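Comments concern the structure below.
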Amino acid sequence: MTDAQNGLTPEQIKRVRSAFLFRMGYVAVLWLGCVVILNRFVTDGSSFGAVITVLTFALPVIMALVAPMDWRWLNKHPDAVNRFGLRAGGNE
């Protein structure tokens, strides 16, 4: 089913695509932050190091499962978010 068949206007299509890309960008920055922390600060076998290691390896797998659900939700609720992927305020 295409966006036009869903009854989305061109403005809603633009907002949904932009919101999805921003949301995936937030996750990418989080993942890169975990990699930097893991590379620079985790040298011993601490529990903090174990948490960051698990998060670094699990985050891409989790997002592969969550991203399609997020895309479907955004397509069903195009006016619920702004173009940055955040909850839309009252004056948007």
>> Compute for the chain: radius of gyration divided by Kirkwood radius, i.e. Rg/Rh, restricted to C-alpha atoms, rounded to two decimals.
In response: 1.14
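Sum -39500 (n - 2.57) across every DSSP H segment of at least 4 residues in the chain, then divide by the residue count to get the 222 nm mean residue ellipticity, nearest 500.
Dividing the helical sum by the residues of the chain leaves -24000 deg cm²/dmol.
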>> Only sites in a loop by DSSP and with at most 13 other Cβ atoms within 10 Å count here; which chymotrypsin sites (Phe, Trp or Tyr not before Pro) in region 9-89 make the cut?
In response: Phe41
>> Suppose the chain between Phe22 and Ala67 were pulled fully straight at 0.36 nm per residue; how much longer would it get relative to their current alpha carbon spacing?
In response: 15.0 nm
> Taking amide hydrogens as modeled 1.01 Å from N in the peptide plane, which residues meet the under 5 Å criterion relative to Val81, leaving out close sequence neighbours?
Replying inline: Ala88
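Coordinate-derived values only; no laboratory data. These figures come from a predicted structure and were not determined experimentally. All Cβ positions, even for glycine, are placed from backbone atoms using ideal geometry, and neighbour counts span all protein chains on display.
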